[in-house]
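We did not get these values from a lab; they are worked out from the coordinates using the rules stated. This structure is a prediction, so every number in the text was calculated from the model and none was measured. Positions of Cβ are generated from backbone atoms using ideal geometry, with glycine treated the same way; all protein chains shown enter the neighbour counts.
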């Protein structure tokens, strides 16, 4: 079976940035699963996986515009240290949810100054060309329930087809979090 809309794809991947630095690697661990065509994967990688089958291997280069977007300087700003309330020992790399006009948004501490903190609302991989090595392990037809819910149903959670649409993942025991794919910067391609 070939990868197409409404198929569940199980794959191993290795992700490197434009300089070749390893970001994530599922080989030797659990493969990632996602529902193809449901916007659960960055568009550039999903497009390159179309028509592949179990056993196929793929080296994919994905430009920022087809991944996490270009880096936007306007999403980096300086805020008063007092905005962090009672939180002590704020250090670069810490992540917080910031209230914005568009609702809550994740930010990363970029720099701590005397009375201010520079936070960055860009995805950590914004502006980065991503290099994937992919091995397709399995392709199957999605169930009607998976198609209706927009993500896969696997034992122990959503299985990697997570989205940030605010979906209620209680139907399959998942949390909607994409952190299950390994530590790092969320480079698994999940949205």
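Brief remarks follow.
- Number of residues in the stretch 100-136 that are closer than 19 Å to residue 19 by Cβ, assigned to a strand (DSSP E or B) and out of contact with any helix residue (DSSP H, G or I) (no Cβ under 7 Å at 6 or more places or on another chain): the value is 3.
- Residue, surrounded by the most Cβ atoms within 10 Å (Cβ to Cβ), within the stretch 29-53, restricted to residues that are under 10 Å from residue 11 (Cα atoms) and under 13 Å from the mean Cα position of the chain (by Cα): 34
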